[in-house]
Amino acid sequence: MSGQFNETVVLVTGFTSGIGRAVAMAFANAGGRVAGIGRSAEKGADVVGGIERAGGQALFFPADVADEGAVESAVAAVMDRWGPVRVLVNAAGERLTGSTTDITPAQWRRVLETNLTGCFITSRAAIPCAAPPW
């Protein structure tokens, strides 16, 4: 595959479904080397398989984006394999359903850990990789 992102290293959280999966496939179709982080090893393998069958390159790391050590390990592994991450897409997310009175504090904290803290952890791990020179 070749294209606009020819061999650009892309890291996508929420890689296994929804927006994350669609973004990963789009970058791969545009020639990017796509690494993903997500909770489901089975779904991650499916996305990697789809990218590879289409001629692209992909890696998957089963991890929770709120787990700082796991995210740092994933970013280090991407760098060891392909070099610096040039594009980061923080697409991992939790959603709440029901009314405010139905949502427990534990559910609320889980959403904050994934949607906010996960973005912070992943960005902090990947930003040093993207330092110039471009």
Next item on the list: Express the accessible area of the chain per residue in Å², computed with a 1.4 Å probe while the remaining protein chains stay in the model.
Entry: 53 Å²
Next item on the list: Can you run the Rg to Rh ratio on the chain? Use alpha carbon positions and the Kirkwood inverse-distance Rh.
Entry: 1.01
Notebook entry, point to check: Across bins of 5 angstrom width beginning at 0, how are the C-alpha pair distances of the range 37-96 distributed, in whole percent?
Noted result: 4, 17, 22, 29, 20, 6, 2, 0
Notebook entry, point to check: Mean projection of the alpha-carbon convex hull of the range 1-69 over all orientations, in nm²?
Noted result: 4.1 nm²
Notebook entry, point to check: Relative to the first principal axis of the alpha-carbon coordinates of the chain, what is the inclination of helix 68-82, with its axis defined by its Cα atoms, in degrees from 0 to 90 and to the nearest 10?
Noted result: 10 degrees
Checklist line | 5 angstrom amide H check on PHE61, placed H, neighbours 5+ away | finding: GLY36, ILE37, GLY38
Next item on the list: With only Lys, Arg, Asp and Glu charged, each at its Cβ (+1 for the first two, -1 for the last two), find how big the charge dipole of the range 1-119 is about the Cα centre; round to the nearest 20 debye.
Entry: 280 debye
Item checked: Expected 222 nm ellipticity per residue - DSSP helices of 4 or more, -39500 (n - 2.57), all of the chain, to 500 -> -13000 deg cm²/dmol
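For the range 41-102, run through the trypsin sites (Lys or Arg not before Pro) and keep only the ones in DSSP coil with at most 10 other Cβ atoms within 10 Å of their Cβ. Before the final figure, lay out each step's value.
On the way: sites: LYS43, ARG53, ARG81, ARG86, ARG95; in loops: ARG86, ARG95.
Sparse-neighbourhood loop trypsin sites (Lys or Arg not before Pro): ARG95.
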Notebook entry, point to check: At a Förster radius of 35 Å, what calculated FRET efficiency corresponds to the Cβ-Cβ distance of SER73 and THR101, to the nearest 0.05?
Noted result: 0.35
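On the protein heavy atoms, probe 1.4 angstrom, tell me the percent of accessible surface of the range 53-134 carried by carbon and sulfur.
The value for the range 53-134 is 57 percent carbon and sulfur by accessible area.
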Checklist line | Residue of GLU113, GLU42, GLU52 that the Gaussian network model of the chain assigns the largest fluctuation, springs spanning Cα pairs under 10 Å | finding: GLU42
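The values are calculated or read from the model by the stated rules, or taken from the named source; none is laboratory data. This is a predicted model, so every value here is computed, not measured. No Cβ is skipped: glycine too gets one built from the backbone with ideal geometry, and neighbour counts run over all protein chains shown. What goes into the accessible areas is simple: the full protein's heavy atoms, side chains included, and nothing from ligands, DNA or RNA. Shrake-Rupley method; radii C 1.70, N 1.55, O 1.52, S 1.80 Å.
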